[in-house]
1. Does the range 145-160 hold any residues that are more than 16 Å from I175 (Cα to Cα) and either touching a Gly at 6+ places or on another chain (Cβ under 9 Å) or in the same structural domain as G322 (by the TED database) (or both), and which are they?
2. Take I348 and tell me if it is buried (at least 17 other Cβ atoms within 10 Å of the Cβ), β-branched (V, I, T) and more than 24 Å from T217 (Cα to Cα).
3. Taking the options V198, V203, name whichever one is surrounded by 15 or more Cβ atoms within 10 Å (Cβ to Cβ) and either under 20 Å from V97 (Cβ atoms) or over 13 Å from the mean Cα position of the chain (by Cα) (or both).
4. Can you give me the number of residues within the range 373-390 that are among the small types (G, A, S) and open to solvent by less than 60 Å² (accessible area, probe 1.4 Å)?
5. So which pairs qualify, if the first residue must be in the range 219-245 and without any contact (Cβ under 8 Å) to a residue 40 or more places away in the chain and farther than 10 Å from G262 by Cβ, the second must be aromatic (F, W, Y) and open to solvent by less than 50 Å² (accessible area, probe 1.4 Å), the Cβ gap must be under 9 Å, and the two must be at least 6 apart or on different chains?
6. For the range 231-336, which fully contained strands (runs of 3 or more DSSP E) count at least 1 residues that are open to solvent by 20 Å² or more (accessible area, probe 1.4 Å)?
7. Could you grab me the full set of residues in the range 338-369 that are at pLDDT below 90 and closer than 22 Å to A393 by Cβ?
8. Just give me the residues in the range 351-372 being buried (at least 18 other Cβ atoms within 10 Å of the Cβ), part of a loop (DSSP other than H, G, I, E, B) and either among the β-branched types (V, I, T) or touching a residue at least 60 places away in the same chain (Cβ under 8 Å) (or both), in sequence order.
Amino acid sequence: QAFSLFVKAKEVPAAGRCAAGGDGVRWRCCQQAFEELAGIHRHVALQHGADLGQRAGPEVGAGPSSGRALAGKADGPDGHSCSSPEISCTLPDTSHVSYDDLTSKEGEVLLYYCYCEVKDPEKLCAWQKALCQHLHLTGKVRVASEGINGTVGGSKVATSLYIEVMLSQPLFKDILCQEDFKSSAGGAHCFPDLRVGVFKEIVPMGIDPKIVSYKETGIHLSPQEFHREVEQYLSQASQGQSDTILLDCRNFYESKIGHFQGCLAPDIRKFSYFPSYIDENLELFKDKRVLMYCTGGIRCERGSAYLRSKAVCREVYQLKGGIHKYLEEFPDGFYRGKLFVFDDRYAICSNEDIISACRYCGTLWDQYKLCSSQHCRQLVLTCPSCWNKGLTACCPVCQEKELKVTSRASGQTLKEECECTWRRPRVPIEHISQRTLDAGK
């Protein structure tokens, strides 16, 4: 009954059907026109299933307790509830776009983030999920009270509409702009599915945003400014006179296949270890100028804020737009090797340099695959020759033992530690003398 009432509400009155786009148009929803009952039914089932679950009670005359779910909320044009005036719940009109164009495999992957105050993360999350589904996008989107962080893939028509809608969203007005979207060749096939959720942080550093805020970030440098700073740093470092540290904020497996020349790349497995790394190495950063960089810029926002909170550095700078934007302007600049990405591509390249080696034979190789051991699933660099020999795991422990998958009582699979994790300290301690030697190489 709730489903029928929802469809009925989208019906175009007979007198207004010509103005709505033709005599055949009988329903309009999400700025789309439908002529057949099967079409509107399919649309409502796909796009408004969750919405109907919330509406079912009050729509069919349920008791007062059920009606509280929509208390104080007004429906947006797409059927999603919109109580917060700063969040627009509208979806783009795709009636002029063919299904093939919208779902074409030849597309791109967008990477973006926007730090801003979000009063209702749940509402923004629901709209974002509906928007991505509407445009047939896959990927990952994190929403929090501090903003939004997304990596989505789809056809170029779909990603173009996505950017257009995001820029028109009142919540992001005067904050998000066209150049904040980093793109690379890809599509919806680069991700296994769509995951949209509400989290405490839009990038998992493990520090409460109320304690270390994005509002206390370092000084942003454009790719051109960053390029000049790195050039000067390398020149001074070669003479042993540099007072600057070029800091890679990414994980070890990212910097392993590509990084800026002369950088300090912490041997950490995840960004949530970064604060501890800073704490353990404060003496290294004392009175230094720090140039920070990461993939798209978002980790530097929180990372630079954390480093500044320690009040030990002379100055803290960060690369605006991250490596993505730098490579757009300096594809053959000071960044060498591949750029690691968190999707099924694993890496994208801008130059022909290979700076990493096969785990087993040492030949130059930089294309990751997942460890073949189901209990581990870490990334491994193994060249085609070694792969064909059956060397498909991340280390001898995983290669030699067929360990049974252990699980929690809930059934969640556990990742067992192997040789790779045994020999890697959670937070490595940097030695200044070694750091100076490395900078001069």
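The values are calculated or read from the model by the stated rules, or taken from the named source; none is laboratory data. All figures in this text were calculated on a predicted structure; none of them were measured in a lab. Note: ideal-geometry Cβ built from the backbone for every residue, glycine included; neighbour counts use all protein chains shown. Accessible surface is based on the protein model in full, side chains and every heavy atom, while ligands, DNA and RNA are left aside. Shrake-Rupley method; radii C 1.70, N 1.55, O 1.52, S 1.80 Å.
1. Going through the range 145-160, the residues more than 16 Å from I175 (Cα to Cα) turn out to be 151-160.
Correct list: T151, V152, G153, G154, S155, K156, V157, A158, T159.
2. Values: buried (at least 17 other Cβ atoms within 10 Å of the Cβ): yes; β-branched (V, I, T): yes; more than 24 Å from T217 (Cα to Cα): yes.
When the stated conditions are applied, I348 passes them.
3. Working: V203 fails: either under 20 Å from V97 (Cβ atoms) or over 13 Å from the mean Cα position of the chain (by Cα) (or both).
Of the residues listed, the single one that is surrounded by 15 or more Cβ atoms within 10 Å (Cβ to Cβ) and either under 20 Å from V97 (Cβ atoms) or over 13 Å from the mean Cα position of the chain (by Cα) (or both) is V198.
4. Kept after step one, since they are among the small types (G, A, S), are these residues of the range 373-390: 373, 385, 390.
This time we only want the ones that are open to solvent by less than 60 Å² (accessible area, probe 1.4 Å), so: 373, 390.
Number of matching residues: 2.
5. Every condition considered, the pairs that remain are E225/Y317.
6. Working: elements: 244-248, 258-260, 289-293, 315-319.
Answer list for the range 231-336: 258-260, 289-293, 315-319.
7. Within the range 338-369, F342, D344, R345, Y346, A347 meet the criteria.
8. Of everything in the range 351-372, those that are buried (at least 18 other Cβ atoms within 10 Å of the Cβ), part of a loop (DSSP other than H, G, I, E, B) and either among the β-branched types (V, I, T) or touching a residue at least 60 places away in the same chain (Cβ under 8 Å) (or both) turn out to be S356, D366.
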